[in-house]
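Taking it in order: structure first as structure tokens, then the write-up.
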Amino acid sequence: MNESYLWIGFNGFVLAMLALDLGVFHRKSTEISVKEALLWTCGWVFMAFIFNVWVYYHFGQDQAFEFFTGYVIEKSLSVDNIFVIIMIFSFFNVPPAYQHKVLFWGILGALVMRVCFILAGMELIHRFHWLIYIFGGFLVVTGVRLITQNEMAVDPGKNPVIKWARTIMRITPQFEADRFFVRKEGQLWATPLFLVVIMIEATDLIFAVDSIPAVLAVSDDAFIVYTSNVFAILGLRSLYFALAGIEKFFVYLKYGLSAILIFVGAKMCISDWYKVPIEISLAFIILTLSMAVLASMAMQKKETP
């Protein structure tokens, strides 16, 4: 099959699912229940699994392992992103009924940014191979900083992107239902809900700087890297509603993520001398995440009277 048809077919599938989500299942702004969020999360995971099976039969075992490993890495890193989104929604006091729409457009923008990052990163590595050491070193440094720095503070009021947006747009003092823009007295005004979308896009841009090099350490196939990222991001919205409010069960997650970033960074740096088998990488990532989550749950159980 021509590679261009693969890209067209996959992106057509993604657009169809997004249209089905917003245009059919969530036409009206309503609060998403935990049960519904879990069903959607399981649905996205199942579709990723089916796609992984297709990759196995179409490309082979190595690419199937690469897809699954990239998917697990991106999914685990996105959990940290979810907790930042929780803080953003809390700062702006976004009503639960509007959160799904905000995440929909925020993630749609994230998909566009990711494909640009992936294609640019792949092209840079192919043209300037020595950049692989810089990407690898960056991941190692990021992993170390993750466990040495204090908790991430999110203050949208001090964010330069938000400050810039307020200088070039008229912002209404309060939400206007679930609308991003309203017209008052012949003038176009943005609403605080649009600022939330901007903030989510800005934070995803920051997280992409970490996650894209991490996935590039697993595979040099642009299609595999892109599809694994997309499937992980598509499930991010439902995963947010499933995990919101239970951050306490992931207190040790950052240590697991730190170990994973250091591992894949080191793997990238030594790739010219020794290629770590993808099966070893996948086993290490799954084991590390499992230990981090189990340790978090054990600590929470111990603290519960």
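The values are calculated or read from the model by the stated rules, or taken from the named source; none is laboratory data. Note that the structure is predicted; figures quoted are calculated from it, not measured. Positions of Cβ are backbone-derived with ideal geometry, glycine not excepted, and every protein chain shown enters the neighbour counts.
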With the first residue restricted to the range 179-196 and required to be outside any helix (DSSP H, G or I), and the second required to be basic (Lys, Arg), Cβ contacts under 9 Å at 6 or more apart or on different chains are PHE180/LYS101; LYS184/ARG170; GLN187/ARG170; LEU188/ARG170; TRP189/ARG170; TRP189/ARG183; ALA190/ARG170; THR191/ARG179
Practice prompt. Kindly establish whether PHE263 is at pLDDT below 75, surrounded by 12 or more Cβ atoms within 10 Å (Cβ to Cβ) and within 27 Å of PHE138 (Cα to Cα).
Written response: no
Exception for SER29 within (1) in a loop (DSSP other than H, G, I, E, B); (2) of a type in the set (Gly, Ala, Ser); (3) modelled with pLDDT of 75 or more falls at (3)
Residue pairs within 9 Å by beta carbon, gap of at least six or interchain, first lying in the range 234-248 and on the phi > 0 side of the Ramachandran plot, second surrounded by fewer than 22 Cβ atoms within 10 Å (Cβ to Cβ) and modelled with pLDDT of 60 or more, listed first then second, are GLY245/VAL34; GLY245/ILE86
Flagged in the range 181-191 as modelled with pLDDT of 85 or more and not β-branched (Val, Ile, Thr), in numbering order, are PHE181, ARG183, LEU188, TRP189, ALA190
Expected single match for of a type in the set (S, T, N, Q), assigned to a helix (DSSP H, G or I), modelled with pLDDT of 80 or more and farther than 22 Å from ALA217 by Cα among ASN52, ASN11 is ASN11
Result of the Cβ filter at 9 Å on the range 10-36, keeping first residues that are over 14 Å from ILE107 (Cα atoms) and of a type outside the set (Phe, Trp, Tyr) and partners that are outside any helix (DSSP H, G or I) and modelled with pLDDT under 60, at least 6 apart or interchain, is ILE32/HIS26; VAL34/GLY245
